[in-house]
Amino acid sequence: MAGSGGLGGGAGDLQGAGPGPGQGTALRAPRAPLAFVALLLGAYCLFALPGRCPPVARTLAPVPAPAEPPHASRRLGAPGLPVASGPGRRRFPQALIVGVKKGGTRALLEFLRLHPDVRALGSEPHFFDRCYDRGLAWYRGLMPRTLDGQITMEKTPSYFVTQEAPRRIHSMSPDTKLIVVVRNPVTRAISDYAQTLSKTPGLPSFRALAFRHGLGPVDTAWSAVRIGLYAQHLDNWLRYFPLSHFLFVSGERLVTDPAGEVGRVQDFLGLKRVVTDKHFYFNATKGFPCLKKAQGSGRPRCLGKSKGRPHPRVPEAVVQRLQAFYRPFNHKFYQMTGQDFGWD
């Protein structure tokens, strides 16, 4: 399975992928000494597993703030926290892009930032998965200032697969709107692997990581596989939020019809449809849409060089096995969301 990585695509070619689809010899993993394999897996964990919290910027030191009426702090979901002074205010996000990794979340955020009523944090704060012990005041201090009528947003795709994230977000505000960008879980897993391979050359093959004992059972302990069990993750979120608080964005349609998908997001957020098809053009080299005019710039802009590179080659037998594995989970996800994403 080869081709464009799309909006969530990574870089690099699969090591030891072997001959093309349908050839059984391609499924045999190269042998390696145990110590060498352990070293590579350790390096994989270093890049693939959650890292540290973002550093605290010097500008986030406590600033004296004017007194607020009591109802204002209740509106923000955390009574008693100070609000920064100056033009606009730092607020808790009213909307979060919570998933999924390699689904197209960065593209969606950049598209939404064209809207004058959206203010979004550029980096991923990882507050509700890695940094929760730093407290809500620290989290709000990361946010951009907004004026009345503007929406504060952030995106951290690992929230969707973090067990504690829905409870913590609900504790901040039960009215939070949640956006989940989903993509064919097989393509997503290959893209995930490609990203890690680009940082850690020499990893075991995709097949060796995706299955136990050759082509034995699918290894759901591997994060690249586990993330794609969307129905299981959504079950956890629905314990805290009703389905009406979610918008599920198709990562595939974000490539083929970016204006249409972004339009749905603007409707969900209660915004006027300002970002339209006039803002996009299709970049044939990268294989996904780019912005005709970036925010604050007169020049067209695409996402970074790590986006849109070809996926590594994966034997067709491996792809088919994973498609069969995900099929019942996909169908359950379609039923839960009321949307058929057409992955089967």
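Residue-wise test of (1) of a type in the set (S, T, N, Q); (2) more than 29 Å from residue 89 (Cα to Cα).
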{"site": "139", "(1), (2)": "no, no"}
{"site": "149", "(1), (2)": "no, no"}
{"site": "203", "(1), (2)": "no, yes"}
{"site": "213", "(1), (2)": "no, yes"}
{"site": "225", "(1), (2)": "no, yes"}
{"site": "232", "(1), (2)": "yes, yes"}
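Scan the range 269-279 and give yes if some residue there is more than 19 Å from residue 104 (Cβ to Cβ), touching a His at 6+ places or on another chain (Cβ under 8 Å), modelled with pLDDT under 95 and not β-branched (Val, Ile, Thr), otherwise no.
Residues of the range 269-279 that are more than 19 Å from residue 104 (Cβ to Cβ), as a first pass: 270-274, 278.
Next, only the ones that are touching a His at 6+ places or on another chain (Cβ under 8 Å) stay: 271, 274.
Now narrow it down to the ones that are modelled with pLDDT under 95: none.
So far as the range 269-279 goes, no, none of its residues is more than 19 Å from residue 104 (Cβ to Cβ), touching a His at 6+ places or on another chain (Cβ under 8 Å), modelled with pLDDT under 95 and not β-branched (Val, Ile, Thr).
Applying the selection to the range 203-229, what residues are of a type outside the set (Phe, Trp, Tyr) and not in a loop (DSSP other than H, G, I, E, B)?
Residues of the range 203-229 that are of a type outside the set (Phe, Trp, Tyr), as a first pass: 203-205, 207-210, 212-221, 223-229.
Within the range 203-229, 207, 208, 209, 210, 218, 223, 224, 225, 226 meet the criteria.
Scan the range 129-144 and give yes if some residue there is farther than 19 Å from residue 248 by Cα, assigned to a helix (DSSP H, G or I), modelled with pLDDT under 95 and open to solvent by 30 Å² or more (accessible area, probe 1.4 Å), otherwise no. Talk me through it step by step, then tell me what you get.
Step one: list which residues in the range 129-144 are farther than 19 Å from residue 248 by Cα, which gives 129-144.
If we keep only those that are assigned to a helix (DSSP H, G or I) too, we end up with 132-134, 136-142.
Remaining after also requiring modelled with pLDDT under 95: none.
No; the residues of the range 129-144 include none that is farther than 19 Å from residue 248 by Cα, assigned to a helix (DSSP H, G or I), modelled with pLDDT under 95 and open to solvent by 30 Å² or more (accessible area, probe 1.4 Å).
Of the conditions (1) more than 24 Å from residue 234 (Cα to Cα); (2) in a helix (DSSP H, G or I), residue 160 satisfies every one except a single condition; which number is it?
Failing condition for residue 160: (1).
Here are some residues: 156, 162. Which one is of a type in the set (Val, Ile, Thr), free of Cβ contacts under 8 Å to residues at least 40 places away in the same chain, open to solvent by less than 50 Å² (accessible area, probe 1.4 Å) and closer than 18 Å to residue 52 by Cα? Quick ask: steps written out before the conclusion?
Numbers: 156 fails: free of Cβ contacts under 8 Å to residues at least 40 places away in the same chain.
The unique qualifying residue is 162.
Looking at 109, 197, 178, which is the one that is assigned to a strand (DSSP E or B) and buried (at least 20 other Cβ atoms within 10 Å of the Cβ)?
On the way: 109 fails: assigned to a strand (DSSP E or B); 197 fails: assigned to a strand (DSSP E or B).
The match here is 178.
The values are calculated or read from the model by the stated rules, or taken from the named source; none is laboratory data. Just so it is clear, the model here is predicted, and its values are computed rather than measured. With ideal geometry, Cβ positions are generated from the backbone for all residues, glycine too; neighbour counts draw on all protein chains shown. Please note that ligands, DNA and RNA were not included when accessible areas were found on the heavy atoms of the full protein model with its side chains. Shrake-Rupley method; radii C 1.70, N 1.55, O 1.52, S 1.80 Å.
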